[in-house]
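Below is one structure; the comments refer to it alone.
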Protein chains: 2
Amino acid sequence: MNNYLKTISRIALLICFCLSFSLKAQSDEDVLKNIYKQSLTNGKSYEWLDYLSNKIGGRLSGSTNAELAVQYTKAELEKLGLDKVWLQPVMVPKWVRGEQEMAYFKTSNDLNKVNICALGGSVATPEGGVKAKVIEVNSYQDLEKLGEENIKGKIVFINRSWEQELVNTFQAYGGCAAERYAGAAEAAKYGAVGTIVRSLSSRLDDYPHTGSMGYGDLPVEQRIPSAAISTNDAVKLSEALKKDKDIEFHFEMSCQQFDDVMSYNVIGEITGSEFPNEYIIVGGHLDSWDLGDGAHDDGAGVVQSMDVLRLMKESGITPKRSIRVVLFMNEENGLRGGRKYAEVAKEKNEKHIFALESDAGGFTPRGFSFDCNDLMFSKIEAWRPLFKPYLIHYFEKGGSGADIGPLKNDDIVLAGLRPDSQRYFDHHHAANDTFEHVNKRELELGAATMTALMFLVDKYGTETITNTKEIKD
Amino acid sequence: MNNYLKTISRIALLICFCLSFSLKAQSDEDVLKNIYKQSLTNGKSYEWLDYLSNKIGGRLSGSTNAELAVQYTKAELEKLGLDKVWLQPVMVPKWVRGEQEMAYFKTSNDLNKVNICALGGSVATPEGGVKAKVIEVNSYQDLEKLGEENIKGKIVFINRSWEQELVNTFQAYGGCAAERYAGAAEAAKYGAVGTIVRSLSSRLDDYPHTGSMGYGDLPVEQRIPSAAISTNDAVKLSEALKKDKDIEFHFEMSCQQFDDVMSYNVIGEITGSEFPNEYIIVGGHLDSWDLGDGAHDDGAGVVQSMDVLRLMKESGITPKRSIRVVLFMNEENGLRGGRKYAEVAKEKNEKHIFALESDAGGFTPRGFSFDCNDLMFSKIEAWRPLFKPYLIHYFEKGGSGADIGPLKNDDIVLAGLRPDSQRYFDHHHAANDTFEHVNKRELELGAATMTALMFLVDKYGTETITNTKEIKD
């Protein structure tokens, strides 16, 4: 090496040293500030979401779009210069909606066309549809009292309304999700010929909202078709039934369940510099329902999770532990991706200390909920003041995310990003879950908030958070 | 009175007694819970906003729409059974946009049409428009350095970009508002023939955002036309200027300033049961810019403020002090309504102890900012735990609202509702400030949050908040 090159090489080393020193000297406050700035001025999440939503679209498990989403996100992760990117094979169910559903009911003077959609997993109606009288209930749990004499041969209409007074809309959703999932199986026991479930939506409009349903151990020949009806049409039908209980409802659906097909979880990793065998993961689910483009559920979580690893790199963070982004397949109608990831992690004896999921929409982040023991929670809660400048105040114990649930054990902290929930169920599982309803800044604030938490977990771990000097209130 | 009537009357009295007792026995927590429930299940704000936005539309001071909004809100307040509803006359400026503005610039191969709009208060271009070379600056403060030799005869293009990294978007707005307001007056001093100001917007899109500008004491004959350009077109123009600094920009505007006209603040009152001469007011501004329908700015604040009085009545709250809703006219281009209200209050020696304004959009409420002394603030801050169940955590000292500003003195607390600010400046003063971008639940949560604060201020006053037993942390 000649002198000139030596000098250059020494200067380069000096610059590297200074850069690494300056990063180490940065307070946590400064690191977070830089992460938020990077995300808001130089984020990639919105651009990725635009592609996933508008170039690909709805990504139901087993569909061509789901396959395209696997290939696209893998290719994008490969561009980030991670240490590893790979596909984890998983067999997933393949349910197909078929032709658009049709439904109407006749009153004395009018033919009332209504908006329905098949619930995911439903059987089709027989050729020509189902036409029958309707019995309205508030819950499938009312069916036992009514008994076969009131139900047999009829369509059960479960018209359970949304509890608008609950500020956390996920609580309201929880209050009617069982109606959608179990209604048909229960109604079939009493001889019903179909079920129509009021959409699980926080507003009155014309969109039917799909979602998963199941028949449990009901024999195949006893299964009856189940549809969601828009909230406006649920109100209309209920009013019509008050005037004439003998109204007949007609609906047609051509959905179909195929054999399971091969699909994939998409995984990227920055291998830890000190503890490569300790894993911290962040993820969302790559599949979505088919009616919209799945921008909020869960395109947002996917692109935010991808951006966590990119933002760490952009911010000059060299993680001590291995950081993985996991884009899970098949959350919506099977959870096969989440189960597969946990199964493989167990087989390989990989020590996972923390998992974060974003699956509550791409809205302004309000905080996190943590599924862990009190000691771990109190350690994490000490980081809350670092998030105050970003108007985050919600650090509570609670659920995390469906996909990371199978990882649960006594040593792992599971966490869920908690965005503002007011708008989520206007769009959830409906044709209006689309890209234009995602705000760029809200999405990017979520990505930054997730990155900030991942940085702190990596820096302090979940067991040994004692350095209170660096965590100022 | 016969025995039957006596019995009925005794039962009625007993019911009244029990109801009043049960309300008095209610904890503050219970009162707030009921207020939020009323707003979310039985609110009127969204319905009123639908009318203001879709049946009336943009409500610039002095326009027919502004007059319609005065008559509509007065009539709606009269339906609420308040103690008084009246109009407070105020002279307001009348500026009219005229025909839609037009602008383009030519590059070597292309004619580039761009989206502009006149800033409120601007003079028109001469017949046939203004056509001139362009000088780009980051701020009007750069003009002095450039001097007349670089500016004379040119159009000054103030291309100051938005600070995306600021989480509070109002800070970013504050960072460029002076460019819009004062740019033209400053450029005219150096012989510019027009100004084009980059829209004060948090995103890149095709909407120009209007807003007020002023010429100060610049003689009428020296005034030059000033327009906002969409952010996308600002980027395009800037890039073109980098390639060719001699590009000519052409724009035409036919806006016009007329003589002042008579308009009104709309006021409704529930007269206090114990201290009728102490006033607590809540309000928003009834006027809006003309491009959209003014749903967020400030239709939301208007209907939320109206609903505060309705929700108090619906919740069985009998205020001790006089509660007023004030719908101010002419916040956008004159603040005449706010000044008039304060002037009359002073003339009549009305003791105002608290004023709350909602003028930051109908988004999920995050808290309030308070303009008052430290002692008053510490008393108010003790109420914060009551708002925690509604995910409100932001109680800070800071600004309040433009319309209530003129009431400022040492004895009054001024407060501003602080909704989530991420989306506000996507819509602010632009054609996309429209009803469909307001979420019903978010709007209603704001109305409830305002009602809750007004209830506490009325119950405890701002000077004598000592009953800590009722305020649990």
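The values are calculated or read from the model by the stated rules, or taken from the named source; none is laboratory data. All values derive from a computational prediction rather than experimental measurement. When we count neighbours, we look across all protein chains shown, and the Cβ atoms used for this are built from the backbone with ideal geometry, even at glycine.
Filtering segment A:422-454 to residues that are among the polar types (S, T, N, Q) and in contact with a Leu (Cβ under 9 Å, 6 or more places away or on another chain) leaves A:Gln422, A:Asn432, A:Thr449, A:Thr451.
Residues checked against (1) surrounded by fewer than 23 Cβ atoms within 10 Å (Cβ to Cβ); (2) in contact with a strand residue (DSSP E or B) (Cβ under 8 Å, 6 or more places away or on another chain):
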{"residue": "A:Lys340", "(1), (2)": "yes, yes"}
{"residue": "A:Glu357", "(1), (2)": "no, yes"}
{"residue": "A:Gly361", "(1), (2)": "no, yes"}
{"residue": "A:Thr364", "(1), (2)": "no, yes"}
{"residue": "A:Arg384", "(1), (2)": "yes, yes"}
{"residue": "A:Lys388", "(1), (2)": "yes, no"}
{"residue": "A:Lys397", "(1), (2)": "yes, yes"}
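Annotation note: of B:Asp403, B:Asp410, B:Asp426, B:Asp433, the sole residue that is more than 11 Å from B:Pro365 (Cα to Cα) and modelled with pLDDT under 95 is B:Asp410.
When you look at B:Thr195, is it among the polar types (S, T, N, Q) and touching a residue at least 60 places away in the same chain (Cβ under 8 Å), yes or no? No, not satisfied. Restricting attention to segment A:62-109, the residues that are part of a loop (DSSP other than H, G, I, E, B) and on the phi < 0 side of the Ramachandran plot total 12. The set of residues in segment A:159-193 being closer than 27 Å to A:Asp359 by Cα and of a type in the set (Val, Ile, Thr) consists of A:Val167, A:Thr169.
In segment B:412-428 there is no residue that is free of Cβ contacts under 8 Å to residues at least 40 places away in the same chain and under 30 Å from B:Asp374 (Cα atoms).
Looking across segment B:300-345, the residues that are of a type in the set (D, E, K, R) and within 22 Å of B:Leu286 (Cα to Cα) come down to B:Asp307, B:Arg310, B:Arg324, B:Glu331, B:Glu332, B:Arg336, B:Arg339, B:Lys340, B:Glu343. Listed by first and then second residue, the pairs with beta-carbon distance under 6 Å, at least 6 apart or on different chains, first residue in segment A:218-247 and within 24 Å of A:Ala182 (Cα to Cα), second among the basic types (Lys, Arg) and modelled with pLDDT of 95 or more, are A:Ala234/A:Arg198. Apart from one condition, B:Gln141 fits all of (1) assigned to a helix (DSSP H, G or I); (2) farther than 21 Å from B:Cys255 by Cα; (3) at pLDDT 95 or above; the exception is (3).
The set of residues from segment A:28-59 being more than 14 Å from A:Ile317 (Cβ to Cβ), among the β-branched types (Val, Ile, Thr) and within 12 Å of chain B (Cβ to nearest Cβ) comprises just one member, A:Thr41.
Could you tell me whether any residue of segment B:299-322 is part of a strand (DSSP E or B), modelled with pLDDT of 95 or more and more than 17 Å from the chain's Cα centre (by Cα)? Spell out how you get there, then give the answer.
To start, the set of residues in segment B:299-322 that are part of a strand (DSSP E or B) comprises B:321-322.
Subsequent filtering for residues that are modelled with pLDDT of 95 or more retains B:321-322.
Now restrict to residues that are more than 17 Å from the chain's Cα centre (by Cα): B:321-322.
There is at least one residue in segment B:299-322 that is part of a strand (DSSP E or B), modelled with pLDDT of 95 or more and more than 17 Å from the chain's Cα centre (by Cα).
One line per residue, one yes/no per condition, for (1) out of contact with any Lys or Arg (no Cβ under 9 Å at 6 or more places or on another chain); (2) surrounded by fewer than 22 Cβ atoms within 10 Å (Cβ to Cβ); (3) under 30 Å from B:Arg441 (Cα atoms); (4) among the basic types (Lys, Arg):
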position	(1), (2), (3), (4)
A:Ser161	no, yes, yes, no
A:Gly175	no, yes, yes, no
A:Ala178	yes, yes, yes, no
A:Ala185	no, yes, no, no
A:Tyr190	no, yes, no, no
A:Asp205	yes, yes, yes, no
A:Thr210	no, no, yes, no
A:Asp217	yes, yes, no, no
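Residues considered: A:Leu77, A:Leu82, A:Leu49, A:Leu68. Of these, the only one that is closer than 27 Å to A:Asp458 by Cα, of a type in the set (A, V, I, L, M, F, W, C) and out of contact with any strand residue (DSSP E or B) (no Cβ under 6 Å at 6 or more places or on another chain) is A:Leu49.
So is B:Gly361 away from chain A (no Cβ under 14 Å) and touching a Pro at 6+ places or on another chain (Cβ under 8 Å) or not? No, not satisfied.
Screening B:Glu350, B:Glu343, B:Glu314 for residues that are touching a residue at least 24 places away in the same chain (Cβ under 8 Å) and within 14 Å of another protein chain (Cβ to nearest Cβ) leaves exactly one candidate, B:Glu314.
When residues in segment B:290-333 are screened for being among the small types (Gly, Ala, Ser) and either surrounded by fewer than 24 Cβ atoms within 10 Å (Cβ to Cβ) or under 20 Å from B:Val31 (Cα atoms) (or both), 4 of them pass. Of the helices (runs of 4 or more DSSP H) lying entirely inside segment A:367-473, those carrying at least 2 residues that are away from every other protein chain (no Cβ under 11 Å) and of a type outside the set (Ser, Thr, Tyr) are A:374-381, A:384-387, A:440-460.
Considering each of A:Val114, A:Val123, A:Val92, A:Val137 in turn, give the residue that is farther than 17 Å from A:Ser226 by Cα and not hydroxyl-bearing (Ser, Thr, Tyr). Lay out the reasoning, then the answer.
Working: A:Val114 fails: farther than 17 Å from A:Ser226 by Cα; A:Val123 fails: farther than 17 Å from A:Ser226 by Cα; A:Val137 fails: farther than 17 Å from A:Ser226 by Cα.
That would be A:Val92, the only listed residue that is farther than 17 Å from A:Ser226 by Cα and not hydroxyl-bearing (Ser, Thr, Tyr).
For residues that are assigned to a helix (DSSP H, G or I) and within 18 Å of A:Trp289 (Cα to Cα), tally how many sit in segment A:326-366. Can you show your working first?
Step one: filter segment A:326-366 for residues assigned to a helix (DSSP H, G or I), giving A:336-347.
With the extra rule that they be within 18 Å of A:Trp289 (Cα to Cα), the set shrinks to A:336-338.
Going through segment A:326-366 one residue at a time, the tally reaches 3.
If you go through segment B:108-121 and pick out every residue that is in contact with a helix residue (DSSP H, G or I) (Cβ under 7 Å, 6 or more places away or on another chain) and either closer than 20 Å to B:Val220 by Cβ or modelled with pLDDT under 95 (or both), you end up with 1.
This table checks each residue for (1) assigned to a loop (DSSP other than H, G, I, E, B); (2) touching a Ser or Thr at 6+ places or on another chain (Cβ under 8 Å); (3) farther than 20 Å from B:Ala118 by Cβ.
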residue: B:Trp162; (1), (2), (3): yes, yes, yes
residue: B:Gln171; (1), (2), (3): no, no, yes
residue: B:Ala184; (1), (2), (3): no, yes, no
residue: B:Ala192; (1), (2), (3): yes, no, no
residue: B:Val197; (1), (2), (3): no, yes, no
residue: B:Ser202; (1), (2), (3): yes, yes, yes
residue: B:Asp205; (1), (2), (3): yes, yes, no
residue: B:Gly214; (1), (2), (3): yes, no, no
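Restricting attention to segment B:229-255, report how many residues are of a type in the set (Gly, Ala, Ser) and more than 33 Å from the chain's Cα centre (by Cα). Residues meeting the conditions: 1.
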